[in-house]
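Below you'll find the structure, written out as structure tokens, and then a few comments.
Only the coordinates and a few stated rules stand behind these numbers; no lab work does. Please read these numbers as outputs of a predicted model, since none were measured by experiment. When we count neighbours, we look across all protein chains shown, and the Cβ atoms used for this are built from the backbone with ideal geometry, even at glycine.
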């Protein structure tokens, strides 16, 4: 809080602010609480002014000040923003004052929350104008940025997707006459994510969205440039499960676990099938539907091993974050898994997925393969803003036991490997292939 004495305020104002700073505060607060057992902040009793779809200038400034103060005093990763947060406040005061309509207001909020570089900081709530701005209709084609280009990697609806004529490995180069590179540049400042690969992940989801019934695209297939018009539809489930099966034997001595669909109750039966294999692949290129981290770790890891520590904020001293505890994975288990463990990750691996990876990685023979993850870990805290707009932050700090960060950095693989366009065209899972090679000692 050195800004109190370094901002050039008068002696009278500085003295008053120092009294506020030094005031004794109770552990119970009307506006701020800490969730029991976790410690992430709870922002209580804030009015969302839901009916103000386009708040007046005073309430727009309230939006900015409320959010700025939350980040200033209760965001555990403010030190990773990489710019002076006070300067961000100065920059955004005129932006919030000058917006002319509801869309401008929502875009200003979106640009502001993107500046904290937290993949958890999505925008939601009463954002109907923003949803229309992005487009409410989508095509059935799933895109993923591969080799820095948006590539077809599947369909949200198999039948409708194949009807388009697009194939896996096709590269989208322009949408409605606009080059993809220009679209990406325009979207970056409104795309909230901890790192660049995750920004591209999020942009890929809405690159083919529109309010129109069709979208004109240009695409490249095996070096040939083609044009196509795609139909759009009211909506599809963006979440495509890679598999409905949480466990299988890739070969007689290599086991595979899909962490997305793994349920704790399945583990005793899975253990009987995997315990004598020479290698286990844990696929965390997804988000878990259960929380099997400690249960699976007890099978994998021979002794209780530290894998993470946390930091939490303070009600009595706003802005102070303290390391509170270290968590261990595994226990005393002489009958633990003796084979190699290969963990697969990418930019889809976020939050709980990153937490699981940190735990499984302490296995004595673990290797992490893939690319940097989403870089957003820690229980989320919800924020409400005037106009009924909602967002979130990572509410606690998550670190390795030695204090190294995971936020923004993500989980750094031991072996960096990304899919290639050629591999996608050939229908190959290159990370799976590498995992099998490692287990086989190749």
| field | Spin-label pair residue 404/residue 12, simplified geometry with 7 Å Cα→Cβ offset, distance in nm | value | 5.4 nm
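Can you show me the helix-derived [θ] at 222 nm for the chain, built from DSSP H runs with n ≥ 4 at -39,500 (n - 2.57) apiece and divided by the number of residues, rounded to the nearest 500.
Numbers: 14 runs with 134 residues, N = 442.
That calculation yields -9000 deg cm²/dmol at 222 nm.
Subtracting the Cα-Cα distance from 0.36 nm times the residue separation, let me have the gained length for residue 326 to residue 291 in nm, one decimal.
Details: separation 35, 0.36 × 35 = 12.60 nm, distance 1.82 nm.
10.8 nm is the gain from fully extending residue 326 to residue 291.
Assuming 0.36 nm per residue, please report the length gained on full extension of the stretch residue 412 to residue 338 beyond their Cα-Cα distance. Intermediate results must be reported in sequence, preceding the final value.
Details: separation 74, 0.36 × 74 = 26.64 nm, distance 2.39 nm.
Full-extension gain reported as 24.2 nm.
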| Taking neighbour counts of Cβ atoms within 10 Å as a proxy for exposure, in what order, fewest first, do 310, 65 appear? | 65, 310
| note | All alpha-carbon distances of the chain, grouped into 20 Å bins from 0, give the whole-percent distribution 22, 51, 25, 2
| request: Determine, for each peptide in 335-341, 174-180, 135-141, 384-390, the mean count of other beta carbons within 10 angstrom over its residues, then list the peptides with the highest first. | output: 384-390, 135-141, 335-341, 174-180
| Arranged by the count of other C-beta atoms within 10 angstrom, fewest first, what order do 280, 208 take? | 208, 280
| field | residue 265/residue 428 FRET efficiency (R0 30 Å; Cβ-Cβ; nearest 0.05) | value | 0.35
| message | What distance in nm separates the two pseudo spin-label positions at residue 440 and residue 212, each 7 Å out from Cα along the beta-carbon direction? | response | 4.9 nm
| note | Quick calc: nm separation of the 7 Å Cα→Cβ label points for residue 27 and residue 178 -> 5.3 nm
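For 89, 296, what's the fewest-to-most ordering of other Cβ within 10 Å of each Cβ? Each step should come with its number before you reach the end.
Details: 89 17, 296 24.
So the residues, fewest neighbours to most, are 89, 296.
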